[in-house]
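Structure first, then comments.
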Amino acid sequence: MEQDLGLGQLPERLDDGLRLAEDLGLDSILVMQLIVWIEVRLGLAVPDAEVDPRALATVGSVLDFMGELRPLAAEGKG
């Protein structure tokens, strides 16, 4: 993931409480790249509507956000 997003060295272990901006150094561009990475690499459909910034504040909130997403193949069904 580090290479895909162009990130520097990440900590060996990512704690749920690590903040994306303050602790990991992700700026708004990298957060957008993370959203694209979630869609393309993980095959999860991120809603077209604006994503709540709180969903992308910490590692734990990103994991929770991803847990609520549907696979791209299921998008548009039902």
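Throughout, read-outs are computed from the coordinates displayed, never taken from laboratory work. Just so you know, these numbers come straight off a predicted model, no measurement behind them.
Values for this structure:
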{"read-out": "Residue-span extension gain [Trp37 to Arg19] - 0.36 nm each, minus C-alpha spacing", "value": "4.7 nm"}
{"read-out": "Column: log10 I(q)/I(0), Debye, Cα scatterers of segment 6-66, q = 0.27 Å⁻¹", "value": "-1.40"}
